Every structure is written in structure tokens, then in C-alpha cells.
Amino acid sequence: MLPNGLAVQVVPYAGVPLVSVRLVTRGGLSDDPAGSPGLARLLAASLREGTTTRTSAVLAELAQEAGGDLSAGAGPDSLSIGASGLAARVPLLLDLVADLATCPAFPADGVARVKDLVHEDLETSESEPSYLAVRAFARALYGSHPYGTISPTSASIDAVTPELLAAEALRRLRPERSLLLVAGDVDPAAVHAEAARLFIGWRGAGEPPASVPAPAAPIGPRRILVLDRPGSVQTNLLVGNLGFPRTDPDAHPLELAMTIYGGSFTSRLVQNLREEKGYTYSPGAGASWLAGCGTVRSYAAVRTEVTGAALNEILYEMERMATTQATDEEMERAFRRDAGSLAISLQTAAGVADEVARLWVLGLPPEEIGREVDELARVTKADVRRASRRVFGTGAARIVAVGDAAAIREELGTFGELEEVSAGK
């Protein structure tokens, strides 16, 4: 760790002459000020528009010279700046990342271009039922908690100025809240020395973002939110609930449980909805992790006329996971799939960097990578059932249905309290 609080982690990855550099800062979309949803996204996208020492064109040219590219992004719990390229050019890649983090300029023309792009992306997304379902599901599950907002609005995009972004960058991009991660065929001592030279003077300013509290679990009866799209020939269903943080001892059992339930072609949900009933082509389910909690959800796009029947089968399979034990065959298939997926994701320096960064944001050390397969192998059928009971054994699930309300409202109303809004809301 540098004197200014910046954590530096080097993950040697020999054999391939490539390197991946990541600067990850705690606090993302969930740290957006009230009234400014999506600000973190515009902040991240604007970082590459130029610094006080280099234009956007020069930054792109230097990244190409290093055999790679520059990136920046925002998630629910983090902001990230990345660079990848040839391991021999790691000093240049570190320099570029440091420049974006410590000297962003936010030129007016660049910020205007980013705002136009985000406007276009939002307009496109709002025409897609799957996006509408995800956005509504976040609101239904998290309510007024910061996790309940996943995207900007037209008004919040319009309100962004270069001055606002500059102030937010100083407030958010702080060394004591950040991890500099370098994965690849590099000399750790040389990387640490270069990082110290480039980042030693980095400081934040103003009051740092407050920690985001864990969201409260939904209480009360099962609730269904219908987003009306008159004339729609299909319904996009999302069903889920809060889980628990990735640091919970039941995290690995839950991962296997979700694979058994709906995370693979041979899973219970897919076999039921697709193979046996023919309600949909690609249903599925999964667990996702945030810094303060976990989320489990099932999804399916089904024909309008089988909406109620499909939801009934989803709830049935959820209940079956909570009340019955997985078979030996299901356990073995789930382990092979999850362990194999992890191995594939770690085949590149970029994959290693992404996983270490993800674990860090969730409060886990990089050593967790080496333990994950063994932890999965130790999971028992009893563990899977216990984890399933924690996330499926509840009547407080939140359900979102995007479709023709006139055709589906009556049958969906039999599953719980129903609220209906226009799909544009």
C-alpha cells in the first residue's frame, strides 16, 4: 500500500506477453447523489474524453501504441479504469491509467458527446422489454435504496456539466478507496516502483461518499408489478428476492443451488419450462452479488397466453428447491459447470484482473480465487438445501411482468398483490 492509502496488487501471469491494469474505486451508481441517477456512468464515460495533459485522441493513440486499449466504467458498487496491452509496455499503460484517474479534464465537447451517447442508449434500452423488466425489478426489490436505481433519466443526463463531473471525480476517485491491480507477465517490484512514482501525489478532495447500507429484505405478501405493453405477444417475467452477501458462508452452496435450479441447460427450470412445457426457449436463473447483499432471480420470456402457467411453474420450482434435496447427479453436473466456468474465466490476464477486482469490491481477498474450486467441491446436498431455503423459502418474492396487462392481469392477480403501471413509467 502506498502512503496515500492506494492498495497495489500484482498478480503474476507468466507465459503470455500481455498485461491487464485495473484501477478500481469503491462506490459506483449506488453513490450517486439524490436527484442525479446514473451520474457515475457519465463520470466514467467522460474520463476518456481527455486529461489536463492529453486529448482523447492522444490517449487512444498511446493505448494503441501499447498494443491495447483504455476503458472506464461504473457498476453498482465501483468505478473502474482499465488498460490492457503488451507486458513490455506496462509503464505506459500505468501512466495512462494514472492520467485518467488523477488529471481528468472533462472538456465541454467531450462531455456533450458522452451525454448524447447516453441519451441514445437510454432511448434504445427503454424500447426493450427485457430492460424494462430489469429496471422495474430493481425498484420493486430495493425500493428507495440506492440499488433500486440502475440507470439515468433524460433529466439527469441533461443536468450533467463538466464542472459537476470535475467535482464528483475529486470526491469519488480517492486513493484510500481504490485498488490498483496489475495482472500479467510483469516484475512485481518494478510495477510497485512505477505505481509509487505515478500515484504518490494523488489525493481526493471534499467529503468522500458514505458507505451504502445493506438493503432491507422485502416484507409482506408476494407482490406482482405489471408493466403494460398493449398488444404484446409475449410476457417478460422476472421473479426473485434478496439473497445474502458474497462473504456469507452459504455463498458457494447458493451458487451450486442456482445452477441446479436454473443456471444450465439441464437445470430444473429449463427442463420444466422449455423441454416439458414448451412455454419459452431460454428461461434461466442466477445469483448476483453486490457489496451489501445478494440477489437471486428467475427470468423467462413466454407467450402471452401461458403467462400465468409459466409463473406457476417458476414458483413451483423455487419451492421444490427449498423443500427437496438435490440428487447426486445434479450436484456433480453443477460442480463441473461452475468449476469449469471459473477455470475458463481465469485463462487470460484480463480475466484474472476482473475476478480479483470483483472479489475486492465484494470484500474478499485475491486468495479467494485459489480457494473457490475447493470450496465448491466441499458443498454437500444439505448445504444446497439450506442455502435454497434462505432465498426460495419465502412468500415475499417480487415479480415483474412486462406484457399486455389486459390479457394477463386477471391470472397474475391470483399469485399476490398486483400493481399495474404503463411500461414507460
- prompt: What about Phe244, is it under 17 Å from Met321 (Cβ atoms) and at pLDDT below 95?
  reply: yes
- request: Kindly state which helices (runs of 4 or more DSSP H) lie completely within the stretch 63-176 and contain at least 2 residues that are small (Gly, Ala, Ser) and within 30 Å of Ile224 (Cα to Cα).
  value: 129-142, 154-158
- prompt: What do you reckon, is Arg177 surrounded by fewer than 23 Cβ atoms within 10 Å (Cβ to Cβ), within 15 Å of Leu2 (Cα to Cα) and under 22 Å from the mean Cα position of the chain (by Cα)?
  reply: yes
field: Residue satisfying all of: in the stretch 33-66; closer than 30 Å to Asp185 by Cβ and in contact (Cβ under 8 Å) with a residue 40 or more places away in the chain; surrounded by the fewest Cβ atoms within 10 Å (Cβ to Cβ) among these
entry: Thr53
- prompt: From the residues in the stretch 217-232 that are outside any strand (DSSP E or B) and touching a Leu at 6+ places or on another chain (Cβ under 9 Å), which one is modelled with the highest pLDDT?
  reply: Arg229
statement: Flagged in the stretch 140-149 as surrounded by 19 or more Cβ atoms within 10 Å (Cβ to Cβ) and not small (Gly, Ala, Ser), in numbering order, are Leu141, Tyr142, Pro146, Tyr147, Thr149
Complete set of residues in the stretch 77-95 that are of a type outside the set (S, T, N, Q), closer than 25 Å to Asn4 by Cα and touching a Ser or Thr at 6+ places or on another chain (Cβ under 9 Å): Asp77, Leu79, Ile81, Gly82, Ala83, Leu93
task: Output the number of residues of the stretch 96-117 satisfying the condition of being surrounded by fewer than 21 Cβ atoms within 10 Å (Cβ to Cβ) and not small (Gly, Ala, Ser).
output: 8
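Residues checked against (1) among the hydroxyl-bearing types (Ser, Thr, Tyr); (2) more than 30 Å from Pro283 (Cβ to Cβ):
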position: Ala112; (1), (2): no, yes
position: Arg135; (1), (2): no, no
position: Tyr147; (1), (2): yes, no
position: Ser151; (1), (2): yes, no
position: Ala155; (1), (2): no, yes
position: Leu173; (1), (2): no, yes
position: Leu179; (1), (2): no, yes
field: the stretch 349-407, residues that are out of contact with any Phe, Trp or Tyr (no Cβ under 7 Å at 6 or more places or on another chain), within 23 Å of Ile260 (Cβ to Cβ) and small (Gly, Ala, Ser)
entry: Ala382, Ala387, Ser388, Gly393, Gly395, Ala396, Ala397
query: Mind checking which residues of the stretch 180-218 are out of contact with any helix residue (DSSP H, G or I) (no Cβ under 7 Å at 6 or more places or on another chain), over 27 Å from Pro91 (Cα atoms) and surrounded by 13 or more Cβ atoms within 10 Å (Cβ to Cβ)?
result: Ala214, Ala217
task: Could you run through the stretch 145-169 and say how many residues are among the small types (Gly, Ala, Ser) and under 19 Å from the mean Cα position of the chain (by Cα)?
output: 2
message: Quick check on my filter: what residues within the stretch 239-257 are in a helix (DSSP H, G or I) and of a type in the set (A, V, I, L, M)?
response: Ala251, Leu254, Leu256, Ala257
query: What residue, of Gly370, Gly363, Gly416, Gly395, is of a type outside the set (D, E, K, R), closer than 30 Å to Asp328 by Cβ, assigned by TED's automatic domain parsing to the domain that holds Ala287 and at pLDDT below 95?
result: Gly370
message: I need the full set of residues from the stretch 222-249 which are touching an Asp or Glu at 6+ places or on another chain (Cβ under 7 Å) and either without any contact (Cβ under 8 Å) to a residue 60 or more places away in the chain or more than 29 Å from Glu128 (Cα to Cα) (or both), in order please.
response: Phe244
task: Determine whether Gly370 is under 30 Å from Lys277 (Cβ atoms), of a type in the set (Gly, Ala, Ser) and in a helix (DSSP H, G or I).
output: no
query: Looking at the stretch 318-350, which of its residues are surrounded by 13 or more Cβ atoms within 10 Å (Cβ to Cβ) and either touching a strand residue (DSSP E or B) at 6+ places or on another chain (Cβ under 8 Å) or not in a helix (DSSP H, G or I) (or both)?
result: Met318, Gln325, Ala326, Leu346, Thr348, Ala349, Ala350
query: For the stretch 1-44, what are the residues that are of a type in the set (Val, Ile, Thr) and either at pLDDT 95 or above or part of a strand (DSSP E or B) (or both)?
result: Val8, Val10, Val11, Val19, Val21, Val24, Thr25
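The values are calculated or read from the model by the stated rules, or taken from the named source; none is laboratory data. Bear in mind the structure is a predicted one, so any value in this text is a computation, not a measurement. Methodologically, a virtual Cβ is constructed for each residue, glycine included, from the backbone with ideal geometry; neighbour enumeration extends over all protein chains shown.
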